[in-house]
Amino acid sequence: MENLYCLRCNREIEAGQKSVAVYMFAQTVGVRPRQKSAARRICFCPQCSVSLAMGPPPEGALNVAAWMMIRELVGADPALTEAAWETLRGVVGLLPAEGSDGTPRRSTGTEGYFEF
């Protein structure tokens, strides 16, 4: 099994670790014989996935298409966002699970957004 690295931050992604993978290949259409490139797996760690999804769209049609897919994945299930926060808490140790006053955060109905 090959080592995978986040395309954005170059952080190693271990087997079984939560991440987002974008598979890309190209093939001809309307041309015989049909030509097809090898598929390439592009990985993003949870932190970069959430950061990309919540940021502005990148430039370039291909980048925007990938960005829209990543946004769809990140927005569909909170597991990836939770994994990103867990990693940040473990590495930095500065992000408490509670609000700044020490009380647990309550749901505001905007679970898809961060509250600063």
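Derivation of every value follows stated rules applied to the coordinates shown; laboratory data play no part. Everything quoted here is computed from the prediction, not taken from an experiment. Because the Cβ atoms are built from the backbone with ideal geometry, glycine has one as well, and the counts that use them run over all protein chains shown.
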Problem set entry | Per-peptide average of other Cβ atoms within 10 Å, ordering 43-56, 4-17, 72-85 highest first | 43-56, 72-85, 4-17
Problem set entry | Simple spin-label estimate for GLN17 and MET54 in nanometres, 7 Å along Cα-Cβ | 2.0
For this session: Starting with the fewest neighbours, write out ARG71, ARG32 ranked by other beta-carbon atoms found within 10 Å of each beta-carbon.
Result: ARG32, ARG71
Seminar exercise, completed: Hydrodynamic calc, the stretch 4-90: Kirkwood Rh from Cα pairs, then Stokes-Einstein at 25 °C with viscosity 0.890 mPa s, so D in µm² s⁻¹ is 172
For this session: Considering the options ALA15, SER37, GLY60, tell which one lies farthest towards the positive end of the dipole of the stretch 4-90, charges being +1 on Lys and Arg and -1 on Asp and Glu at the Cβ, about the Cα centre.
Result: SER37
Seminar exercise, completed: Computed for the stretch 1-60: size of charge dipole around the Cα centre, +1 on C-beta of each Lys and Arg, -1 on C-beta of each Asp and Glu, debye to nearest 20, value 340
